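S.K.: Below is the structure I would like to discuss, written out as C-alpha cells.
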C-alpha cells in the first residue's frame, strides 16, 4: 500500500536543507496497525508530516498505491489519507458535530452542504467513538481526551484507507488510552485500514500493534 | 444551525434591514412627508442626497463586516479586522498620496477620473498591507505577534500620512481630516454605479470559499489534509478584502469598529461556525450597524453631519464588551 524508498526527511531553509532522518525504507500494507516509536526530537513528527504530504521529502520517494505521492492532487490525497495531530482545535463556535463533519470536506460541494449520506457517515463516526451525547457541545467545553476522540471521529468521517496519528495518547488517561487502541485495532481488522500511530506509551502500544518501527539516535530504523 | 432556523433568522434580519433602510431614507433635517412628491426638492433630497447615503451605508457596512469575518477566519483570530491590522491605514496612506499627486498636477480631486485613481490607489494600499501581514503570519504563527505587527504597521503608515499632511496645503489638510473621520455622505449616485459592480463581484466570490473557510477553522494542517489549497485560499481572501476595504476607504474614509465587531457579535448571537450562515449574517448585520450609526448621527445633530466613526465606536464598542463578558466561552 505504501512504499517508502530511500526517504530523507527534514526542512528546507533558504540556503541549505536541514536533514532530520535519512535512508528510510519501508513497505506498509493495509490491515496493519503500525506503532512508530523514538525519543523526543528524533524526527517522528517530521517523518509523519512528510508521509502525509504536508512536508516535501528532501530526497527519496513515497509511493502510495503504486503512484508517487507528489502526483496526487490535494483533493485526491484527502480521500486516501487522514491525519490526527497534537495541535488543539477550538473556538469560533466549533461544535463536535462541526469538526467531525469537516471530515466530509473532500467529498462535498463548494458551499459546504452535507447531504443525507454525508450526515449518516458523520453520525456513524460519532457512534463508533461514543461521542453521540456530545455532538452539540462546543469543542472548547471538552476535556483533552474527548477532543482527541473527536479528531479521530473526523478521520473516520473522512473515510480514508490510511490514518496517521501523531501522539494521540498524549493527553489521555489509562482507560482512554486502551479504548483508543481498541478502536484503532478494530478499524484495522474490520475495515482493513492502514493505521500509523506514533506514541511514547510503548508497553501499552505493543499489546495492540502488528508492526513496530523504532527510530534510533544512530539514524537506524528498527522494524519488528 | 438547522436550515429552517437559518432561513428564518435571515428573514428576520432582512426585515430589520428593510426597516432601517426606510427609516434612514425618510428621516432627516427636512421632513419628506411635508413635501409634495411633485416638488423638485422632494426628488433632489430623496435621490441625490439620501438614497446614495443610505446605499453607501449598506454597502460599506456589509463589506467591512464581511472583510472582518474573512480575516478572522483566515488568521483564526477574533481580533483580526481591516482597521486593527492596519489595512485601512494602508488604504488611507495611499489615498493621501493619490490626492496629493492629483492636486499637484492641477486636476480637480473630486471629478470622476480623480476618484477612480484614488480608488485604485486605495485598493493597492490595502493589498500591500494585507500581503505583509500574511507573509509575517507564515513565518510567525503566534496570533499576538500578528496583531502587534498589524498595530505597528498601522502606526507607521499613520505617521507617514501625518508627514504628508504636515507638508500639504491647508485646503488639502482639511479635506483629509474630515475624510479621516469617516463619512457616508460624500458618495454620489454616479459613484455608486461604478462601485456596485465591483462590490457585487467581491461579495459573490466570497461565497465560493465557504468550504475552505469552514475547513481552515480547524487549522492549516488539517485544512490541507482535507484537500484544501491553503495558499490559494489565502491569496483569494487577501484580494477580496483588499478590494472591499480599498473601495470603502476611498469613498468613506477609514471606518473603524464595524469590521472587527460585527463578526464577533454575529458569532456570539448565532452559535454557528458555518460560513454560509456567518457570511449572510455579517453582511446584513454590518449594513444594519452602519445604517443605525448614520441614523443616530442625524438624530444627534440636525445642523451638521457627525463623523460616523465617532458614533460606531461610541455605541458599538460597549455592546461588544458587554457581549464578551456575557459569553461563557472564548470568542475565538
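The values are calculated or read from the model by the stated rules, or taken from the named source; none is laboratory data. Note that this is a predicted model, so its numbers are computed, not measured. All Cβ positions, glycine included, derive from the backbone under ideal geometry; neighbour counts span all protein chains shown.
S.K.: Quick test for you: out of B:329, B:269, pick the one residue that is in contact with a strand residue (DSSP E or B) (Cβ under 9 Å, 6 or more places away or on another chain) and at pLDDT below 90.
M.R.: Selected residue: B:329, the only one of B:329, B:269 that is in contact with a strand residue (DSSP E or B) (Cβ under 9 Å, 6 or more places away or on another chain) and at pLDDT below 90.
S.K.: If you take the residues in segment A:5-37 that are at positive phi and modelled with pLDDT of 90 or more, which one is surrounded by the most Cβ atoms within 10 Å (Cβ to Cβ)?
M.R.: Going through segment A:5-37, the residues at positive phi turn out to be A:6, A:10, A:23, A:31.
Going one step further and asking which of them are modelled with pLDDT of 90 or more, we end up with A:6, A:10, A:31.
Details: A:6: 12, A:10: 20, A:31: 16.
Among those residues, the one meeting the criterion is A:10.
S.K.: Working only within segment B:246-266, note down all residues that are buried (at least 24 other Cβ atoms within 10 Å of the Cβ) and either in contact with a strand residue (DSSP E or B) (Cβ under 7 Å, 6 or more places away or on another chain) or closer than 15 Å to residue B:13 by Cα (or both).
M.R.: Result: B:262, B:263, B:266.
S.K.: Determine which member of the set A:67, A:74, A:95 is assigned by TED's automatic domain parsing to the domain that holds residue A:187 and crowded, with 16+ Cβ neighbours inside 10 Å.
M.R.: Working: A:67 fails: crowded, with 16+ Cβ neighbours inside 10 Å; A:95 fails: assigned by TED's automatic domain parsing to the domain that holds residue A:187.
After applying the criteria, what remains is A:74.
S.K.: Looking only at segment A:65-84, which residues are assigned to a helix (DSSP H, G or I) and either more than 7 Å from every other protein chain (Cβ to nearest Cβ) or over 12 Å from residue A:103 (Cβ atoms) (or both)? Give the derivation first.
M.R.: Step one: list which residues in segment A:65-84 are assigned to a helix (DSSP H, G or I), which gives A:69-71, A:74-78.
Of everything in segment A:65-84, those that are assigned to a helix (DSSP H, G or I) and either more than 7 Å from every other protein chain (Cβ to nearest Cβ) or over 12 Å from residue A:103 (Cβ atoms) (or both) turn out to be A:69, A:70, A:71, A:74, A:75, A:76, A:77.
S.K.: Scan segment A:35-44 and tell me whether some residue there is within 14 Å of chain B (Cβ to nearest Cβ), farther than 30 Å from residue B:266 by Cβ, part of a helix (DSSP H, G or I) and in contact with a strand residue (DSSP E or B) (Cβ under 7 Å, 6 or more places away or on another chain). Quick ask: steps written out before the conclusion?
M.R.: Of all residues in segment A:35-44, those within 14 Å of chain B (Cβ to nearest Cβ) come to none.
No, every residue in segment A:35-44 fails to be within 14 Å of chain B (Cβ to nearest Cβ), farther than 30 Å from residue B:266 by Cβ, part of a helix (DSSP H, G or I) and in contact with a strand residue (DSSP E or B) (Cβ under 7 Å, 6 or more places away or on another chain).
S.K.: Hey, any hits in segment B:283-299 for a residue that's within 14 Å of another protein chain (Cβ to nearest Cβ) and closer than 21 Å to residue B:60 by Cβ? Let's see the steps before the verdict.
M.R.: We begin by selecting, within segment B:283-299, every residue within 14 Å of another protein chain (Cβ to nearest Cβ); these are none.
Within segment B:283-299 (the criterion being within 14 Å of another protein chain (Cβ to nearest Cβ) and closer than 21 Å to residue B:60 by Cβ), the answer is no, since none of the residues qualifies.
S.K.: Which ones in segment B:199-215 are away from chain A (no Cβ under 12 Å) and out of contact with any helix residue (DSSP H, G or I) (no Cβ under 6 Å at 6 or more places or on another chain)?
M.R.: Within segment B:199-215, the subset away from chain A (no Cβ under 12 Å) is B:199-204.
Of everything in segment B:199-215, those that are away from chain A (no Cβ under 12 Å) and out of contact with any helix residue (DSSP H, G or I) (no Cβ under 6 Å at 6 or more places or on another chain) turn out to be B:200, B:201, B:203, B:204.
S.K.: Yes or no: residue A:179 without any contact (Cβ under 8 Å) to a residue 12 or more places away in the chain, in contact with a helix residue (DSSP H, G or I) (Cβ under 9 Å, 6 or more places away or on another chain) and either in the same structural domain as residue A:46 (by TED's automatic domain parsing) or buried (at least 20 other Cβ atoms within 10 Å of the Cβ) (or both)?
M.R.: Values: without any contact (Cβ under 8 Å) to a residue 12 or more places away in the chain: yes; in contact with a helix residue (DSSP H, G or I) (Cβ under 9 Å, 6 or more places away or on another chain): yes; either in the same structural domain as residue A:46 (by TED's automatic domain parsing) or buried (at least 20 other Cβ atoms within 10 Å of the Cβ) (or both): yes.
Yes: the conditions hold for residue A:179.
S.K.: Here is a further query. Being in contact with a helix residue (DSSP H, G or I) (Cβ under 6 Å, 6 or more places away or on another chain), crowded, with 22+ Cβ neighbours inside 10 Å and in a helix (DSSP H, G or I): is that true of residue B:129 here? I'd like the intermediate steps shown before the answer.
M.R.: Details: in contact with a helix residue (DSSP H, G or I) (Cβ under 6 Å, 6 or more places away or on another chain): yes; crowded, with 22+ Cβ neighbours inside 10 Å: yes; in a helix (DSSP H, G or I): yes.
When the stated conditions are applied, residue B:129 passes them.
S.K.: In segment A:120-147, how many are within 14 Å of chain B (Cβ to nearest Cβ), in contact (Cβ under 8 Å) with a residue 12 or more places away in the chain and part of a helix (DSSP H, G or I)? Can you show your working first?
M.R.: Narrowing segment A:120-147 to residues within 14 Å of chain B (Cβ to nearest Cβ): A:122, A:135-142, A:147.
If we keep only those that are in contact (Cβ under 8 Å) with a residue 12 or more places away in the chain too, we end up with A:122, A:135-140, A:142, A:147.
From what is left, the residues that are part of a helix (DSSP H, G or I) are A:122, A:139-140, A:147.
Within segment A:120-147, residues that are within 14 Å of chain B (Cβ to nearest Cβ), in contact (Cβ under 8 Å) with a residue 12 or more places away in the chain and part of a helix (DSSP H, G or I) number 4.
S.K.: Would you pick out the residues in segment B:166-213 that are more than 22 Å from the chain's Cα centre (by Cα), more than 25 Å from residue B:127 (Cβ to Cβ) and touching a residue at least 12 places away in the same chain (Cβ under 8 Å)?
M.R.: Here is the first cut: in segment B:166-213, the residues more than 22 Å from the chain's Cα centre (by Cα) are B:166-174, B:211-212.
Filter again for more than 25 Å from residue B:127 (Cβ to Cβ), leaving B:166-167, B:169-171, B:173-174.
Selection gives B:169 alone.
S.K.: Sticking with this one: For the condition farther than 25 Å from residue B:195 by Cα, in contact with a strand residue (DSSP E or B) (Cβ under 8 Å, 6 or more places away or on another chain), within 14 Å of chain A (Cβ to nearest Cβ) and free of Cβ contacts under 8 Å to residues at least 40 places away in the same chain, what is the one hit in B:232, B:225? So that I can check it myself, show each step before the final result.
M.R.: Details: B:232 fails: in contact with a strand residue (DSSP E or B) (Cβ under 8 Å, 6 or more places away or on another chain).
None of the others qualify; the one that does is B:225.
S.K.: Look through segment A:90-119, keep the residues that are part of a loop (DSSP other than H, G, I, E, B) and more than 9 Å from chain B (Cβ to nearest Cβ), and return whichever of them is nearest to residue B:216 (Cα to Cα). Step through it out loud before you land on a result.
M.R.: Our first condition is that a residue be part of a loop (DSSP other than H, G, I, E, B); within segment A:90-119, this holds for A:90-94, A:108-115.
Right, trim to more than 9 Å from chain B (Cβ to nearest Cβ) and you get A:114-115.
Numbers: A:114: 17, A:115: 21 Å.
Looking at the filtered set, the residue picked out is A:114.
S.K.: Can you find a residue in segment B:26-36 that is touching a residue at least 40 places away in the same chain (Cβ under 8 Å) and not in a loop (DSSP other than H, G, I, E, B)? Write out each step before concluding.
M.R.: Filtering segment B:26-36 for residues touching a residue at least 40 places away in the same chain (Cβ under 8 Å) gives B:27-29.
Still in the list and also not in a loop (DSSP other than H, G, I, E, B): none.
No: segment B:26-36 contains no residue that is touching a residue at least 40 places away in the same chain (Cβ under 8 Å) and not in a loop (DSSP other than H, G, I, E, B).
S.K.: Within segment A:52-59, identify whether any single residue is in contact with a strand residue (DSSP E or B) (Cβ under 9 Å, 6 or more places away or on another chain), surrounded by 21 or more Cβ atoms within 10 Å (Cβ to Cβ) and within 14 Å of chain B (Cβ to nearest Cβ), and answer yes or no.
M.R.: Yes, because at least one residue in segment A:52-59 is in contact with a strand residue (DSSP E or B) (Cβ under 9 Å, 6 or more places away or on another chain), surrounded by 21 or more Cβ atoms within 10 Å (Cβ to Cβ) and within 14 Å of chain B (Cβ to nearest Cβ).
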